[in-house]
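Let me begin by presenting the structure, written as structure tokens, before commenting on it.
The values are calculated or read from the model by the stated rules, or taken from the named source; none is laboratory data. What you are looking at is a predicted structure, and each value in this text was computed from that prediction instead of being measured. Positions of Cβ are generated from backbone atoms using ideal geometry, with glycine treated the same way; all protein chains shown enter the neighbour counts. Quick note on the areas: whole protein, heavy atoms, side chains included, nothing else; ligands and nucleic acids left out. Shrake-Rupley method; radii C 1.70, N 1.55, O 1.52, S 1.80 Å.
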Amino acid sequence: MRLAHGLTVRDFAKRIGVTPATVTTAENSEYITQKLKATVLREFDLDDTFFNYVAKRKRLEEYENKGALDGS
């Protein structure tokens with residue numbers, strides 16, 4: 001969402017009311033708290049579809065990377 005809106009980590013953090021470290025951790029983590037999800041959904045007027053898409057995209061990338069590593 002941050003990249004789609006062209007926001008820096010700092011600007012995104014300010015917009016959703018968290019620290020830049022929180023944004024960085026969330027972007028690099030497999031787990032995002034429900035509170036942070038709710039904040040992002042509310043701020044950008046989204047529903048859970050966004051986070052479902054992100055999770056599916058990550059799984060797809062994992063499969064693609066695994067295939068590249070084992071020659072599939």
Flagged pairs (Cβ under 8 angstrom, 6 or more apart or on separate chains; first in region 37-53, among the acidic types (Asp, Glu); second open to solvent by less than 50 Å² (accessible area, probe 1.4 Å) and modelled with pLDDT of 95 or more) are Glu43/Ile16
Filtering region 2-12 for residues that are touching a helix residue (DSSP H, G or I) at 6+ places or on another chain (Cβ under 6 Å) and within 13 Å of Val40 (Cα to Cα) leaves a count of 2
With the first residue restricted to region 13-26 and required to be farther than 17 Å from Leu46 by Cα, and the second required to be of a type in the set (Phe, Trp, Tyr), Cβ contacts under 9 Å at 6 or more apart or on different chains are Val18/Phe12; Pro20/Phe12; Val23/Phe12
